[in-house]
Amino acid sequence: MVSLVVLKWADDLVVAIQAELRSHASTDDLVRTINQIETDLKSAFPSAKWIFLEPELREHASHPLQIFWHRHVRHPARGS
């Protein structure tokens with residue numbers, strides 16, 4: 001599952017990605033994978049000056065944007 005948002009800022013792009021990634025043996029391995037994805041995207045899309053990648057766990061099951069919508073937009077918390 002992947003959620004992608006791309007914003008054009010002058011001549012540059014801001015890219016935000018939330019994606020399911022496979023399990024990694026360590027945090028260092030996960031960071032290396034994220035860095036490689038960002039490097040590959042910047043090589044393929046030079047105008048992408050800012051890339052933000054948030055790894056998502058497969059165990060969350062639902063699409064991240066659906067979860068956000070149901071928790072914060074459709075049924076916002078009342079008072080508190």
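Only the coordinates and a few stated rules stand behind these numbers; no lab work does. Since we're looking at a predicted model, the values are computed, not measured. When we count neighbours, we look across all protein chains shown, and the Cβ atoms used for this are built from the backbone with ideal geometry, even at glycine.
Length available on full extension from LEU7 to SER47: 0.36 nm per residue minus the Cα-Cα distance, which gives 13.3 nm. Return the long-range amide H neighbours of GLU56 (sequence gap of 5 or more, or a different chain), with a cut-off of under 5 Å between placed amide H atoms. Residues meeting the amide H criterion: ALA19, GLU20, LEU21. Shown in residue order for segment 25-41 are the 3J(HN,Hα) couplings computed by the Karplus curve 6.51 cos²θ - 1.76 cosθ + 1.60 at θ = phi - 60°: 5, 8, 4, 4, 5, 5, 4, 4, 5, 4, 4, 5, 4, 4, 4, 5, 5 Hz (x for Gly and Pro). Specify whether the C-alpha gyration tensor of segment 5-44 places it in the rounded, prolate or oblate class, a ≥ b ≥ c being the square roots of the eigenvalues: rounded for a/c under 1.5, otherwise prolate if a/b is larger than b/c and oblate if not. It comes out prolate by the Cα gyration axes. With 0.36 nm allotted per residue and the present C-alpha distance subtracted, the ARG22-ASP40 stretch has 4.7 nm of extension available.
Around the amide H of ILE51, modelled in the peptide plane, lie the amide H atoms of VAL15, all under 5 Å away and 5 or more residues distant in sequence or on another chain. Which value, in debye to the nearest 20, describes the size of the charge dipole of segment 4-61 about its Cα centre when Lys and Arg Cβ atoms bear +1, Asp and Glu Cβ atoms bear -1, and nothing else is charged? For segment 4-61, the charge dipole is close to 140 debye.
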